[in-house]
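All remarks here apply to the structure that follows.
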Amino acid sequence: MAVLLSALFQGCEKEGLGNAGYITLNISKDESVEVITTRAESETVFRIEVVNAEGVIVASYEDHRELAENPLRLQPGVYTVKGSTGEEGGDAAFGKPVYAGEDEVTVEAGKVSSANIVCTLSQVMVTVESSEEVDASFKEIVVTVTNQEDFNTASNLIFSSADGTIDNEGYFTCTGTLNYKVYLVNQDDEVSDGDIAGTLENVKVRDHYILKLSLSGDSNGSAVFPGVDVDESTNDKNYDIVINLNKKAKPSFGLTGFASEGVTRVAKGTAAEYRMDLTVKGGLESLLLKHKENTLSELGIPEQVELVGCTDQNIANAGITWSGVEEGATDGLVIDFTALFSKLEVGSYAFEIAVLGKQYQLVERKFDIEIIPDVETTSLEADPWGRHAFLYGIYNTAQQPSGMGFEYKKSGDASWTKVTDITLDGKNYSAKITGLDPRTEYVFRTVSDKEPSNEISFTTLGADQIENMSFDNWYMDGKQWYANSDLSADHYWWDSGNKGANILSKVNPTSPTYDEVAVSGEGKQAARLETKSVLSVLAAGSLFLGEFGSVQGLGASLNFGRPYDCKPLSLKGYYSYAPVAINKVDDKEPYKNMKGQMDICNIYVVLADWESGSFAVNTSTGTFIDFENDPNIIAYGSLEDNTNTGGYKQFEIELEYRNNRQPTCCVIVCAASKYGDYFTGGEGSVLLVDEFEFTF
């Protein structure tokens, strides 16, 4: 759906919009950065953006030499010229340093102004070094570094001896801190994970942090001895991470009754045993019990208590007992919760245990406890959709009760509908119920041949269609066609690239058609998307839920998405495609090699919960939805075709849900040329779409 206006400046000159000035370019790289990046290049190619005083990109170049050799003609004013290497790697990446710089230039009529840009490293560099003794002592060495508080995949770099990445140069967006942790496997296959960790403060752009791993002979001291040696002339910062070979294994938990992960569910008044047996090979230093539960506080259990040396009888009276919890103890440490759990009322509780060894190895575990009614089965939760729902329950007896299943009804109804077709997962079980009414309150309960359990209410989601999914309604505003009955807030759902294509001439790549419809009848229309050329620049026919923003330099800004809170199963409809061979391509890989290949159409659906309610696309800066990694995407589905369908063909795009969150917005995009955003496609490719509908 690219809308390019590369001929805009030539057009302005011909129309005589007044005296103009020119910008030319001098750009260089700060050589002092080389001592940080240690990257050798014969010649660096910079990406250039020219931004006016209003913040609008008026021109951009993938190769700075184009501007250096051919001055840019502009109207008088103040402009910011920005240069970067264009090797952006996100929050963190190996081998992708980004150099950036900018210069403010005043353009005067009849004069040539020069933008002088010095680009320096705009990130933080990290490398890892390990001594020969460390390499010989461990089968595997892994150092994970992040510029965030949490070690999440988006901002992690993992330096590993297993795959050779330990020798790589890592580059991070500067956030002011770096966090690291070390994972080790010794020659006896004993694992140390996360004992050695730390935070580097006051991190600055262009800093190079060298994490040096070495060995210590200290048998009792800390695992980490951070020391810093700073050479300000090069921004190199050496951090020594000292590994203690004599450290014992980390503290470990042996659990009786507790779930190894997730929620531990306990029947009210249970007589079952719930205890922890701790092993601390390095000797116990501290054992903390922590919680934030009013109920536990009222029973006499402090929110935080050190159990080593503790003599508080109130805790024992509440139902928590311990034995063998003495400083220096290595095993035989027991914490017993059996009596406490037997007296707790139905509800949810949580607490933490923090074990610290003499060698400063800290292990923390959080335990979520749910006290459930003492009946054969318990209702847990419902996952409602538009016309169906998933019900979840658990049985509390040693053996599966006879007659086990679910019952449900509309709130206020007298009679129940029973469901016995269930799926078992251990003691947990579930069922899918269908034929429900949208946006309606229901109640369900688990049942057996004995008494029914607790009741839980839920409300189904909507099962709404998007306005004008039949594409029967169209509106002409100026030179542009819109697939809406009008452009009021209530009816403005669909947009296209027509607004950008029509800036210099009347060209509508997207338009209504009366005679090429999938379903005939009075007033029936369809959408016709054709890839065209606008002043020799490709403009792919497109149609999308959202709103076209504005022309941005050589591209355009668009807002993808409209408010939507339903969870459809699929999008179905009709499409007809008549592709031609790609004859216009972008000059970058992989698009420049697509010339002569058959064009591809694309229809896709995204359900998401972006905070802004939409996604801001910018084809000029290359800002697009990251379908694979965007954490706000709830569901996605797509269709692609490069064949001539010979007329309308029915389709159904099944939506793949990645989580069970409720969407707040929906994106549907149709494009006659899939790579139109990258100015690659075939002039004359035609996509017809008609009679879209969500299924529930």
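Please determine whether any residue of the range 374-390 is part of a strand (DSSP E or B), in contact with a Leu (Cβ under 9 Å, 6 or more places away or on another chain) and at pLDDT below 90. There is no residue in the range 374-390 that is part of a strand (DSSP E or B), in contact with a Leu (Cβ under 9 Å, 6 or more places away or on another chain) and at pLDDT below 90. The single condition among (1) under 15 Å from residue 574 (Cα atoms); (2) within 36 Å of the chain's Cα centre (by Cα) that residue 500 does not meet is (1). The residue that is nearest to the chain's Cα centre (by Cα), among those in the range 357-403 that are more than 30 Å from residue 342 (Cβ to Cβ) and open to solvent by 40 Å² or more (accessible area, probe 1.4 Å), is 390. In this structure, does residue 569 turn out to be farther than 14 Å from residue 667 by Cβ, open to solvent by 50 Å² or more (accessible area, probe 1.4 Å) and in contact (Cβ under 8 Å) with a residue 40 or more places away in the chain? Here the answer is yes, as residue 569 does meet what is asked. Total residues in the range 589-624 satisfying the condition of being among the hydrophobic types (A, V, I, L, M, F, W, C), surrounded by 20 or more Cβ atoms within 10 Å (Cβ to Cβ), modelled with pLDDT of 90 or more and assigned to a loop (DSSP other than H, G, I, E, B): the figure is 1.
Sort through 556, 489 and tell me the only one that's among the hydrophobic types (A, V, I, L, M, F, W, C) and without any contact (Cβ under 8 Å) to a residue 12 or more places away in the chain.
Details: 556 fails: without any contact (Cβ under 8 Å) to a residue 12 or more places away in the chain.
Answer to the check: 489.
One residue is enough: does the range 159-170 have a residue meeting the conditions among the polar types (S, T, N, Q), over 28 Å from residue 252 (Cβ atoms) and assigned to a strand (DSSP E or B)?
Start the filter on the range 159-170 by keeping residues that are among the polar types (S, T, N, Q), which leaves 160-161, 165, 168.
If we keep only those that are over 28 Å from residue 252 (Cβ atoms) too, we end up with 165, 168.
Add one more test, that the residue is assigned to a strand (DSSP E or B), and what stays is none.
No, that holds for no residue.
In this entry, residue 616 is excluded by the filter for residues that are aliphatic (A, V, I, L, M) and farther than 30 Å from residue 661 by Cα.
Looking at (1) of a type outside the set (A, V, I, L, M); (2) in a strand (DSSP E or B); (3) touching a residue at least 60 places away in the same chain (Cβ under 8 Å), which one does residue 636 not meet, given that it meets all the others? Condition not satisfied by residue 636: (3).
With a requirement of 3 or more residues that are open to solvent by 40 Å² or more (accessible area, probe 1.4 Å), the strands (runs of 3 or more DSSP E) lying completely within the range 404-517 that satisfy it span 423-425, 428-434, 455-459, 475-477.
Among the residues of the range 101-144, write down those that are among the aliphatic types (A, V, I, L, M) and over 26 Å from residue 167 (Cβ atoms).
Of all residues in the range 101-144, those among the aliphatic types (A, V, I, L, M) come to 105, 107, 109, 112, 115, 117-118, 121, 124-126, 128, 134, 136, 141-143.
Of everything in the range 101-144, those that are among the aliphatic types (A, V, I, L, M) and over 26 Å from residue 167 (Cβ atoms) turn out to be 105, 107, 109, 112, 115, 117, 118.
For the range 191-210, the candidate set comprises residues that are surrounded by 13 or more Cβ atoms within 10 Å (Cβ to Cβ) and at pLDDT 85 or above; within that set, the residue that is farthest from residue 128 (Cα to Cα) is 205. When residue 313 is tested against (1) within 23 Å of residue 346 (Cα to Cα); (2) open to solvent by 70 Å² or more (accessible area, probe 1.4 Å); (3) out of contact with any Asp or Glu (no Cβ under 9 Å at 6 or more places or on another chain); (4) at pLDDT 90 or above, only condition (1) is not met. In the range 173-198, the qualifying residues are those that are assigned to a loop (DSSP other than H, G, I, E, B) and not charged (D, E, K, R), and the one that is nearest to residue 364 (Cα to Cα) is 177.
Restricting attention to the range 113-128, the residues that are β-branched (Val, Ile, Thr) and open to solvent by less than 10 Å² (accessible area, probe 1.4 Å) add up to 3. Applying the selection to the range 348-400, what residues are of a type in the set (S, T, N, Q) and in contact (Cβ under 8 Å) with a residue 12 or more places away in the chain? Selection gives 348, 359, 361, 377, 378, 379, 396, 397, 400. For the range 649-674, a residue qualifies if it is hydroxyl-bearing (Ser, Thr, Tyr) and surrounded by fewer than 23 Cβ atoms within 10 Å (Cβ to Cβ), and the qualifying residues are 657, 664. Taking the stated definitions as given, is residue 237 within 35 Å of the chain's Cα centre (by Cα) and modelled with pLDDT under 90? Against the criterion (within 35 Å of the chain's Cα centre (by Cα) and modelled with pLDDT under 90), residue 237 qualifies. For the list (1) open to solvent by 40 Å² or more (accessible area, probe 1.4 Å); (2) in contact with a strand residue (DSSP E or B) (Cβ under 6 Å, 6 or more places away or on another chain); (3) on the phi > 0 side of the Ramachandran plot, I need the number of the one condition that residue 644 fails. Every condition holds for residue 644 apart from (3). Here residue 347 meets each of (1) open to solvent by 70 Å² or more (accessible area, probe 1.4 Å); (2) touching a helix residue (DSSP H, G or I) at 6+ places or on another chain (Cβ under 8 Å) with one exception, condition (1).
Within the range 144-181, restricting attention to residues that are of a type in the set (D, E, K, R) and within 18 Å of residue 197 (Cβ to Cβ), the residue that is surrounded by the fewest Cβ atoms within 10 Å (Cβ to Cβ) is 150.
Name every residue in the range 258-286 that is under 24 Å from residue 381 (Cα atoms) and modelled with pLDDT of 90 or more, in order of residue number. Those that are under 24 Å from residue 381 (Cα atoms) and modelled with pLDDT of 90 or more: 258, 264. All of (1) over 24 Å from residue 380 (Cβ atoms); (2) under 37 Å from the mean Cα position of the chain (by Cα); (3) open to solvent by 50 Å² or more (accessible area, probe 1.4 Å); (4) of a type outside the set (Lys, Arg) hold for residue 289 with one exception: (3). Any residue in the range 258-270 that is touching a strand residue (DSSP E or B) at 6+ places or on another chain (Cβ under 6 Å) and of a type in the set (Asp, Glu)? So far as the range 258-270 goes, no, none of its residues is touching a strand residue (DSSP E or B) at 6+ places or on another chain (Cβ under 6 Å) and of a type in the set (Asp, Glu).
When you scan the range 518-540, how many residues do you find that are within 20 Å of residue 685 (Cα to Cα) and either of a type in the set (D, E, K, R) or surrounded by fewer than 17 Cβ atoms within 10 Å (Cβ to Cβ) (or both)?
So the first thing to find is which residues in the range 518-540 are within 20 Å of residue 685 (Cα to Cα), and the list is 518, 525-540.
If we keep only those that are either of a type in the set (D, E, K, R) or surrounded by fewer than 17 Cβ atoms within 10 Å (Cβ to Cβ) (or both) as well, we get 528, 530, 532-533, 536.
Within the range 518-540, residues that are within 20 Å of residue 685 (Cα to Cα) and either of a type in the set (D, E, K, R) or surrounded by fewer than 17 Cβ atoms within 10 Å (Cβ to Cβ) (or both) number 5.
For the range 245-281, the set of residues classified as more than 35 Å from the chain's Cα centre (by Cα), of a type in the set (S, T, N, Q) and surrounded by fewer than 17 Cβ atoms within 10 Å (Cβ to Cβ) consists of 246, 256, listed by residue number.
The values are calculated or read from the model by the stated rules, or taken from the named source; none is laboratory data. Note that the structure is predicted; figures quoted are calculated from it, not measured. Note that each Cβ is placed from the backbone with ideal geometry, even for glycine, and that neighbours are counted across all protein chains shown. When the accessible area is computed, the model is the full protein with side chains, heavy atoms only, and any ligands, DNA or RNA have been set aside. Shrake-Rupley method; radii C 1.70, N 1.55, O 1.52, S 1.80 Å.
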